[in-house]
Amino acid sequence: MSSAAPFPLDFRLSGLVTDFVTDLVRPLADGLSLPFPLPGAASFLAEISRNFGNYQADFSLVREFVLIVAAVAALLAAVLLVGGLRQRRASYTPEGWVNDPHVIRELFDAAILQRGRFEMQFHGPTGRRSTYCTAVAVTRSALTLECSLLRAVPESWKGREVDCYFRTQQKRMQVYYQFTSVITGAHRAPPPDRNAPRGPGATADVVWLVDLALPEKLERRQKRAFLRLDVPRHLVLGLAAWPMEADTPAPADGRRLGAPLLALPDATSLNSFTAHAAPCPVGDAAPDPAPDPDPDRDAASAPAACADTVPDDVAAPLFPDISQAQPVALLNLSGGGLRLLLPRATARAAATRGMNLDIGGRFAALLELYDPQHDRSLGFWLQCRIQNRFVAFETRDVELGAQVLAWGQARDNAPHMADWKPLSDEGEVEPLGNWVIRRHLELYRESGSDVV
């Protein structure tokens with residue numbers, strides 16, 4: 001008999017088994033008064049006994065097998081854990097985002113039924129004015145806007161990125177959304193009057209339909225946060241930024257952050273984080289001081305002439321090493337966030353020095369703006385989170401859209417100190433939002449138009 005046992009066990013009980021079976025079989029055989037002996041049974045039991053006795057278990061092989069199985073299981077668990085962490089990081093969705101295509105189409109359908117107004121403006125650092133449209137159709141891949149204010153839609157618009165804002169009525173509340181998309185095409189809407197001219201030269205009562213690619217995400221925001229301003233450079237006195245971790249509290253004293261990692265290249269050429277004097281527009285020479293019509297007035301109260309250099313009698317820069325920071329540009333600004341442009345070299349250096357430039361990364365910023373209405377500067381400490389990121393294909397420059405999570409008012413006599421305050425109910429820095437609106441109205445009056 002040569003069949004192997006299903007598992008290796010060293011049974012040292014062959015004699016006991018033989019005796020037990022013999023004692024069990026003999027009475028049965030005697031009771032039955034079998035006329036013949038059982039030599040076959042005895043030899044069968046002896047064979048079983050020999051096989052049990054000759055079979056030796058090798059516990060070293062068992063131990064090696066168990067170790068191999070445990071190692072494979074540990075490896076698989078580690079792979080699954082790393083994969084889960086990567087997937088969780090990749091699938092991080094900032095608060096207020098809607099990235100489900102089905103939900104996005106439902107919101108567009110609701111806006112169509114409610115005849116909600118869409119505000120559309122070109123995306124990018126160039127000057128942008130808005131045009132107002134109405135959504136008329138949505139498919140699995142496109143959204144069509146009816147833009148009755150447009151006189152013409154050039155062919156050059158195809159492929160350009162636009163920012164759009166709209167609102168829907170949800171449970172007696174106005175909910176605002178913003179998204180970025182690409183113009184895929186435009187065509188004229190068919191006139192309601194069949195007898196109206198339809199030739200290329202017919203421009204009377206032309207209504208343009210603009211097709212946009214269905215966006216990948218919507219961002220829920222309040223209306224005031226929609227208003228983004230391409231700030232004139234001479235109104236930005238300074239900007240510096242430091243990397244922060246998600247659990248790092250807002251700094252009460254900005255000097256503890258050390259040297260800024262990012263800053264405007266010419267932040268020290270105006271009066272950034274030093275004295276509070278009126279700046280000159282970049283590239284313009286300082287005008288000659290006009291004669292004072294009231295010579296008896298106190299010289300301290302007279303308006304200061306703008307200058308392109310910092311006077312010798314002003315305080316020393318708050319951050320003397322700001323000139324060593326990596327250059328960054330401020331593309332636009334709103335009451336709830338800002339958009340930065342990091343050149344390729346800056347993005348590499350920032351990542352090397354520990355700044356998280358991915359969605360969800362955080363940083364602290366000190367922003368100083370000039371208020372021409374009151375002839376003074378305004379300082380804002382901002383704690384920001386990166387909401388979106390765009391990398392230019394050719395230059396590899398990085399655009400970062402950041403949302404303000406908390407803000408602090410920089411003290412006039414000590415701008416490194418921040419008095420941190422809560423955001424408004426609309427989720428914005430109220431003084432910053434007011435400044436943006438005033439500058440927007442000023443530029444609007446100068447342009448005389450608010451249509452793309």
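Here, each number is a calculation from the coordinates, and none is a lab measurement. Keep in mind the model is a prediction, meaning the values are calculated, not measured. Glycine gets a Cβ as well: all are built from the backbone with ideal geometry, and neighbour counts include every protein chain shown.
Listed peptides 326-333, 251-258 appear in the order 326-333, 251-258 once ranked by packing, highest mean of other Cβ atoms within 10 Å at the front. Residues with beta-carbon under 14 Å from that of Leu257, excluding Leu257: net charge, scoring Lys, Arg +1 and Asp, Glu -1? Spelling it out: positives minus negatives among the neighbours equals +1.
Label-to-label distance, His374 versus Asp253, with points set 7 angstrom from Cα along the beta-carbon direction: 2.7 nm. For an R0 of 41 angstrom, estimate the FRET efficiency from the Cβ-Cβ distance between Val175 and Thr395 and round to the nearest 0.05. After rounding, the FRET efficiency stands at 0.65. For the peptides 368-380, 400-412, the ranking by packing is 400-412, 368-380, with the highest mean count of neighbouring Cβ atoms within 10 Å listed first. Extension gain, Trp97-Leu61: 0.36 nm per intervening residue step, less the Cα-Cα distance, totals 7.3 nm. Report note on the peptides 150-156, 69-75, 381-387, 436-442: ranked by the mean count of other C-beta atoms within 10 Å, highest first, their order is 381-387, 436-442, 150-156, 69-75. Full extension of the chain between Ala70 and Ile437 yields a length gain of 125.7 nm, computed as 0.36 nm times the residue separation minus the alpha carbon distance.
Approximating the spin labels as points 7 Å out from Cα along Cα→Cβ, the Arg220-to-Arg348 distance works out to 4.1 nm. Extension gain, Ala189 to Glu430: 0.36 nm times the residue separation minus the Cα-Cα distance gives 82.6 nm.
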